[in-house]
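One structure is given below, encoded as structure tokens.
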Amino acid sequence: MPATTTSIIQGGMGVGVSSWQLARAVARAGQLGVVSGVALDATVARRLQDGDPDGHVRRALAAFPDQAMAARVLDRYFLAGGREPGRPYRPTPKLALRPSRHSQELAVVGNFVEVWLAKEGHGGTVGINYLEKIQLATPAAALGAMLAGVDVVLMGAGVPRETPQLLTDLADGRVGGVGVDVAGAPERYRVEVDPVDLLGSNLPPLTRPRFLAIVSATVLAAYLARDDSTRPDGFVIEGPVAGGHNAPPRGTMTLDEDGEPVYGARDAVALDKVAALGLPFWLAGAYGTPDGLAAARELGAAGVQVGTLFALASESGLRPDLLDRLRGGLGSGTLQVRTGVRTSPTGFPFKVAELDGTLADPEVYEARDRLCDLGYLRTPYLTRAGRVGYRCPGEPEDAYVRKGGDLADTVGRMCLCNSLTADIGLGQTRPDGYQEPDLVTLGGDLGGPRRLLERHPAGWTAAQAVAWLEDR
Ligand SMILES: Cc1cc2nc3c(=O)[nH]c(=O)nc-3n(C[C@H](O)[C@H](O)[C@H](O)COP(=O)(O)O)c2cc1C
């Protein structure tokens, strides 16, 4: 099914919730299956250190066009039989403006593996989702996904104006890059990847994937559509009930009595204006029901992007015990989702499922010593010495302040990198035995999942979710 006529996009949910298993199941069911493109360098390295028990990663690596590069990754991380109990995962390189060769290779390989596995054994359509906020990761990640023949790239959490050109450049075998904001620097920097330098004569011909921009404001859609160089192939219009990160309300942020952001008329997207741009669009955020799909079509949309319903499907990357607890809470009506305005180091509101024993539990939050060793949400800044440094308001407070950050920015921040990685069974074990806690995000509207649970009390597969959405 061509990517622009698909009626259901399965949301790209990080870290690894939109696993290759989930995306493959949705693509097989005839809709657009999407893998999350966040932190695939660390997750491939950790899967290899867990011994790659089913051999999936190694099978994908055997199909990688540059076998010497695949062997370097394998040699560095693969542990036959997995880690000894209690042994921490080996660190992976942090994102940087001038990434090391190994860092780029790991990102390329990790993205290749996830897309290759999602596409294996069927002719369906597979996309990958990136976050514009994580600018430093994008060029190498996109190259890896394109080497595996990704059909669609989706990007939200920012203004993805340079992504169309990046994809075109990479498809032509040219150096591709994006601008990077460096706090305190008068000019923008650039992070790039050079396909020829990395793969040499092993570089196969690449196809340019389609690009869908995930936006939450009419003006942003209009801005991106205005120029050939920034125009996406379509939009996902995401409202504030969607899972994961949300765009903040426009204007000054007002909070309700529960401390959640209040959205108003100014936040509504004018769909007639979006339709007038002439590009296909999908609606996201509480549209994951058969009636939601019908309503979206009536509003002129090509279809819907659905997250929560698929996050709770059997093929989701969430750890089985978390999935059980979430489905249990759904069935008993006790599962609550809140919007945290301070939770995410990005500063964007972030949806949090209120589960005991996770970082949403104040005791668990207080007990965690801050540290920043994955660093995907670090942002570059100019040091007093004129060099580029990196900081994250979720890191230890003193380090953040030493780097020129404002102490007030650190309050309430959670380490999304470590906790979201823990959610998919790849959480770090510290040398003292401390296990990184989970933090689960879901959409704010649980009506669809609740209805599907009534139909499938023992849980549902992605294909069953698709069939229900299609009203079959
Ligand atoms: C667990 C989870 C993680 C998510 N992570 C991301 C992400 O990394 N990037 C992104 O663009 N959207 C992310 N989303 C948003 C979804 O892709 C989708 O747009 C949204 O969930 C749709 O709303 P719904 O959950 O009401 O169906 C996430 C959603 C969930 C539930």
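The values are calculated or read from the model by the stated rules, or taken from the named source; none is laboratory data. Predicted model, so just to flag it, every value in this text is computed and none were measured. Using ideal geometry, Cβ is built from the backbone for each residue, glycine included, and neighbour counts are taken over all protein chains shown. Side chains are part of the model used for accessible areas, which takes the heavy atoms of the whole protein and leaves out ligands, DNA and RNA. Shrake-Rupley method; radii C 1.70, N 1.55, O 1.52, S 1.80 Å.
Grab the other residues whose beta carbon is less than 13 angstrom from that of residue 400, score K and R as +1, D and E as -1, and report the net. That works out to +1.
Of the residues 250, 472, the one with the largest accessible area comes first in the ranking 472, 250, computed with a 1.4 Å probe on protein heavy atoms. Per the Debye calculation on the chain with a single equal scatterer at every Cα and no solvent contribution, log₁₀ I(q)/I(0) for q = 0.10, 0.14 Å⁻¹ amounts to -0.70, -1.54.
Taking the Cβ of residue 384 as the center, what net charge do the other residues with Cβ under 13 Å away carry, scoring Lys and Arg +1 and Asp and Glu -1? So the surrounding residues net to +3.
For the pair the stretch 200-270 / the stretch 406-445, the C-alpha centres are spaced 24 Å from each other.
Taking Cα pairs under 8 Å and at least six residues apart, what relative contact order does the chain come out at, in percent?
The value is 17 percent.
Using r as the Cβ-Cβ distance of residue 262 and residue 342, and R0 as 22 Å, what FRET efficiency do you calculate, to the nearest 0.05? Using R0 = 22 Å, I get an efficiency of 0.90.
Taking the protein heavy atoms of the stretch 1-55 in the context of the full set of protein chains, the accessible area attributed to carbon and sulfur is 50 percent at 1.4 Å.
The portion of the accessible surface of the stretch 309-402 made up by carbon and sulfur, rounded to a whole percent, is 47 (1.4 Å probe; DNA, RNA and ligands excluded). Taking label points 7 Å from Cα along the Cα-to-Cβ direction, residue 67 and residue 430 give a separation of 4.4 nm. When only the Cβ of Lys, Arg, Asp and Glu is charged (+1, +1, -1, -1), the dipole of the stretch 187-346 relative to its Cα centre reaches about 80 debye. Would you mind telling me the antiparallel percentage of the DSSP bridges in the chain, rounded to 5? Within the chain, antiparallel bridges account for around 35 percent of the total. Counting only protein heavy atoms and a 1.4 Å probe, the chain has 40 square angstrom of accessible area per residue. Near residue 355: Cβ cut-off under 14 Å, other residues only, Lys/Arg at +1 and Asp/Glu at -1. The net charge is -3.
Taking max minus min of the alpha-carbon positions on each principal axis, the stretch 343-472 gives extents of 63, 32, 23 Å, largest first. For the peptides 266-279, 164-177, the ranking by packing is 164-177, 266-279, with the highest mean count of neighbouring Cβ atoms within 10 Å listed first.
Each label was represented as a point 7 Å from its Cα along the Cα-to-Cβ direction; for residue 273 and residue 470 these points are 3.6 nm apart.
Separation of the stretch 318-346 and the stretch 1-55, taken as the distance between their Cα centroids, equals 20 angstrom. Spacing of the modelled spin labels on residue 185 and residue 402, each 7 Å from Cα toward Cβ, amounts to 2.2 nm.
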